[in-house]
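**Q** Here it is, the structure in full.
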Amino acid sequence: LKGVEVDILKDGKLDYPDKILKGCDLVVAAIHQGFTKNVTERICDAMDSPYVDIIAHPTGRLISSREGYVIDIHKVMEKAAKTKTWLELNAYWDRLDLNDVNLKVAKEMGIRISIGTDAHSVEGLLWMKFGVANARRGWLEPKDIINTYPLGEVLRSRKSKGSGLNI
């Protein structure tokens with residue numbers, strides 16, 4: 001698979017052009033800088049892209065060091081439900097973002113969740129257990145978590161079916 005994590009810029013645009021994103025099998029979008037202002041509209045604008053499948057670490061929190069972005073998470077969830085964009089449950093032990101309360105709300109809104117580890121090494125994949133535990137706290141079931149789907153179903157469930165991969 002070809003996938004990429006793109007930055008959501010301050011104006012809500014993505015740091016890769018659509019020409020590149022169209023050729024990807026999965027596109028994850030995230031905010032990595034400029035947290036000081038309300039980021040709700042930035043994230044909602046990014047979800048308007050037909051190529052963005054997942055919004056990573058939606059609240060931006062780091063448990064040991066920061067609360068997260070200034071964000072209206074319910075507005076973001078409404079947009080995710082409307083655009084069929086998946087939200088990430090980041091399993092990294094210092095993020096666990098979305099939290100259990102937000103996961104339950106997302107489930108009730110019909111938003112699918114992707115569990116990601118934020119791993120930068122093979123050892124980081126072990127953090128998946130924290131994501132699964134957090135998903136259980138949020139009352140998620142396998143049907144709510146895109147990681148549990150067979151590959152063909154994951155690709156068919158994307159907003160954009162633009163990749164050339166047929167499974």
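**Q** Being under 13 Å from the mean Cα position of the chain (by Cα), open to solvent by 20 Å² or more (accessible area, probe 1.4 Å) and touching a residue at least 40 places away in the same chain (Cβ under 8 Å) narrows it down to one residue among L26, L98; which is it?
**A** L26
**Q** Another question, then. Tell me which residues, restricted to the range 2-21, are farther than 22 Å from G116 by Cα and open to solvent by 20 Å² or more (accessible area, probe 1.4 Å).
**A** K10, D11, K13, P17, D18, K19, I20
**Q** Looking only at the range 103-143, which residues are of a type outside the set (A, V, I, L, M), open to solvent by 20 Å² or more (accessible area, probe 1.4 Å) and within 15 Å of the chain's Cα centre (by Cα)?
**A** Once the filter is applied, which keeps residues that are of a type outside the set (A, V, I, L, M), open to solvent by 20 Å² or more (accessible area, probe 1.4 Å) and within 15 Å of the chain's Cα centre (by Cα), the range 103-143 yields K107, G110, R112, D118.
**Q** Pull up the range 44-65, narrow it to residues that are in contact with a strand residue (DSSP E or B) (Cβ under 6 Å, 6 or more places away or on another chain) and over 21 Å from K159 (Cβ atoms), then point me to the one that is least open to solvent (accessible area, probe 1.4 Å).
**A** Step by step, filter the range 44-65, then rank; the result is T59.
**Q** Still on this structure, I have one more. Do the conditions hold for K2, that is, is it more than 13 Å from I55 (Cα to Cα), touching a residue at least 60 places away in the same chain (Cβ under 8 Å) and of a type in the set (D, E, K, R)?
**A** So K2 passes the test.
**Q** From I63, I71, grab the single residue that is touching a Leu at 6+ places or on another chain (Cβ under 8 Å) and without any contact (Cβ under 8 Å) to a residue 40 or more places away in the chain.
**A** Selected residue: I63, the only one of I63, I71 that is touching a Leu at 6+ places or on another chain (Cβ under 8 Å) and without any contact (Cβ under 8 Å) to a residue 40 or more places away in the chain.
**Q** Same structure, new question: If E41 meets every condition in (1) open to solvent by 80 Å² or more (accessible area, probe 1.4 Å); (2) at pLDDT below 95 apart from one, which number is that one?
**A** The single condition E41 does not satisfy is (2).
**Q** Would you check which residues across the range 144-158 are more than 18 Å from M109 (Cα to Cα), of a type in the set (A, V, I, L, M) and open to solvent by less than 50 Å² (accessible area, probe 1.4 Å) and list them?
**A** Once the filter is applied, which keeps residues that are more than 18 Å from M109 (Cα to Cα), of a type in the set (A, V, I, L, M) and open to solvent by less than 50 Å² (accessible area, probe 1.4 Å), the range 144-158 yields V154, L155.
The values are calculated or read from the model by the stated rules, or taken from the named source; none is laboratory data. No experiment lies behind these values; they were computed from the predicted model shown. Don't worry about glycine lacking a Cβ; one is built from the backbone with ideal geometry, like all the others, and counts go over all protein chains shown. Calculation scope for accessible area: heavy atoms of the full protein, side chains included, ligands and nucleic acids excluded. Shrake-Rupley method; radii C 1.70, N 1.55, O 1.52, S 1.80 Å.
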